[in-house]
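The values are calculated or read from the model by the stated rules, or taken from the named source; none is laboratory data. Note that the coordinates shown come from a computational prediction; the quantities given were computed from them, not determined experimentally. For neighbour counting, all protein chains shown are included, and Cβ atoms are generated from backbone atoms with ideal geometry for every residue, glycine included. These accessible areas exclude ligands, DNA and RNA; they are computed on the full protein's heavy atoms, side chains included. Shrake-Rupley method; radii C 1.70, N 1.55, O 1.52, S 1.80 Å.
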Amino acid sequence: MKKNIYTLAIESSCDDTSAAILCNDKVLSNIVARQAIHEEYGGVVPELASRAHQQNIVPVVDVALKKANIKKDDLDCIAFTQGPGLMGSLLVGGSFAKSMSMALNIPLIAVNHMKAHILAHFIDEENFEKPTFPFLALTISGGHTQIVKVSSFFDLKIIGETTDDAVGEAFDKSAKILGLPYPGGPLIDKYAQEGNPKAFSFTKPKAAGLNFSFSGLKTQILYFIQKNVNENPNFIEENRNDICASIQYTIINILMDKLKIAVEETGIKQIAIGGGVSANSGIRKTLKDTEKKWGWKTYIPKFEYTTDNAAMIGIVGYYNYLENNFNTNDIVSKARIEF
């Protein structure tokens, strides 16, 4: 086998169009085109997202190749997000990847977006340690909340997941209730850093085993805000930092309670986080604190690999290439996909 494997990776599962070039497990370029149009609607509009992907994909791939300083003929394989995600968005990335792999006559590799969030930890980055198998992964995003037992690159098993809403949705909906603009999760994090996390208490929803539930918490926060605003119209303005800190504190405790049970049940004390919500500073700090508190070893990815990006798709593509795990052009994109 040739010494260096060059992978073009394409990610288009939601509203970010991204292309990356990897040389083996090292990222040469990781370009992301964001779609600001959704902010005025307070959430991602699928039809607008797929149209924007169509406009962005060619220039994004072009910039990725130029920044990596390689030509398309140097590529060994193309990896793309098969799912889960918005169907219209996935089709744009999948169709482009299929066409380019046919034109260049190189292997095509379909990637599960959620597995990529986990395996992003194996990108070769200076000052970032890679986990060893087995480890537990907490994948937290706008659409997913999962605890995954990771035994190898190809053996990943969900042992806990949300039964209703994802943690990212809980953050964003809470922000909307507070009148904060979309995406509101990062703003809750920002205000929480100046607030008292124990100023207001919220009941933690119950969910069986290692599963999560966040819909009841959202309802609880809605009623709490409505009640207090009725009594004091300036309640949010006067208490914004404390409200955000209390919401974030509750959500973090829900996540950590389940992680503790997972560690006890599996005996695995290596924890890695992934997904957009893993950019949250409160979650990162709490997880780091567990190293001293409970003797866990924690792995937190580089910030740019937490949100949707093509580099994480590329690292999965690279390990599949080494195993000759290729797909044919009849592979279909899927909004929901088997883990």
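Some points to look at:
Matching residues to (1) touching a strand residue (DSSP E or B) at 6+ places or on another chain (Cβ under 8 Å); (2) surrounded by 20 or more Cβ atoms within 10 Å (Cβ to Cβ); (3) not basic (Lys, Arg); (4) not in a loop (DSSP other than H, G, I, E, B):
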{"position": "53", "(1), (2), (3), (4)": "yes, yes, yes, yes"}
{"position": "57", "(1), (2), (3), (4)": "yes, yes, yes, yes"}
{"position": "62", "(1), (2), (3), (4)": "no, no, yes, yes"}
{"position": "70", "(1), (2), (3), (4)": "yes, no, yes, no"}
{"position": "78", "(1), (2), (3), (4)": "yes, yes, yes, yes"}
{"position": "82", "(1), (2), (3), (4)": "yes, yes, yes, yes"}
{"position": "85", "(1), (2), (3), (4)": "no, yes, yes, no"}
{"position": "90", "(1), (2), (3), (4)": "yes, yes, yes, yes"}
{"position": "94", "(1), (2), (3), (4)": "yes, yes, yes, yes"}
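- Taken over region 211-225, the criterion of being in a loop (DSSP other than H, G, I, E, B) and crowded, with 19+ Cβ neighbours inside 10 Å is satisfied by 214 alone.
- Neighbours by Cβ (under 7 Å, 6+ apart or cross-chain): first from region 304-319, over 13 Å from residue 139 (Cα atoms); second open to solvent by 20 Å² or more (accessible area, probe 1.4 Å) and modelled with pLDDT under 95: 309/32
- Pick from region 96-140, criterion aromatic (Phe, Trp, Tyr) and in a helix (DSSP H, G or I), ranking: farthest from residue 269 (Cα to Cα): 96
- Picking from residues in region 165-186 that are assigned to a helix (DSSP H, G or I) and closer than 24 Å to residue 230 by Cα, the one that is farthest from the chain's Cα centre (by Cα) is 177.
- Screening region 302-319 for residues that are in contact with a strand residue (DSSP E or B) (Cβ under 9 Å, 6 or more places away or on another chain) and open to solvent by 10 Å² or more (accessible area, probe 1.4 Å) and picking the one that is modelled with the lowest pLDDT gives 307.
- Subset of region 320-337 [outside any loop (DSSP other than H, G, I, E, B) and open to solvent by less than 40 Å² (accessible area, probe 1.4 Å)]: 320, 321
- Residue satisfying all of: in region 282-299; touching a helix residue (DSSP H, G or I) at 6+ places or on another chain (Cβ under 8 Å) and open to solvent by 30 Å² or more (accessible area, probe 1.4 Å); nearest to residue 270 (Cα to Cα) among these: 297
- The one condition in (1) under 28 Å from residue 267 (Cα atoms); (2) modelled with pLDDT of 95 or more that residue 206 fails to fulfil: (2)
- Pair list, Cβ < 6 Å and 6+ apart or interchain, from region 148-167 residues that are closer than 21 Å to residue 215 by Cβ and charged (D, E, K, R) to residues that are surrounded by fewer than 17 Cβ atoms within 10 Å (Cβ to Cβ) and modelled with pLDDT under 95: 164/215; 165/215
- So residue 192, is it surrounded by 15 or more Cβ atoms within 10 Å (Cβ to Cβ), in contact with a His (Cβ under 7 Å, 6 or more places away or on another chain), closer than 21 Å to residue 284 by Cβ and not polar (S, T, N, Q): no
- Listed by first and then second residue, the pairs linking a residue in region 115-128 that is over 28 Å from residue 338 (Cα atoms) to a residue that is open to solvent by 40 Å² or more (accessible area, probe 1.4 Å), with Cβ atoms under 7 Å apart and 6 or more places separating them unless they lie on different chains, are 125/302; 128/302.
- Filtered by the rule that a residue be of a type outside the set (Val, Ile, Thr), within 19 Å of residue 279 (Cβ to Cβ) and open to solvent by less than 30 Å² (accessible area, probe 1.4 Å), region 125-164 gives 131, 137, 138, 141, 146.
- Any hit, region 241-255, residues being among the polar types (S, T, N, Q) and assigned to a loop (DSSP other than H, G, I, E, B): no
- Filtering region 263-281 to residues that are small (Gly, Ala, Ser) and surrounded by 20 or more Cβ atoms within 10 Å (Cβ to Cβ) leaves 272, 274, 275, 276, 278, 279.
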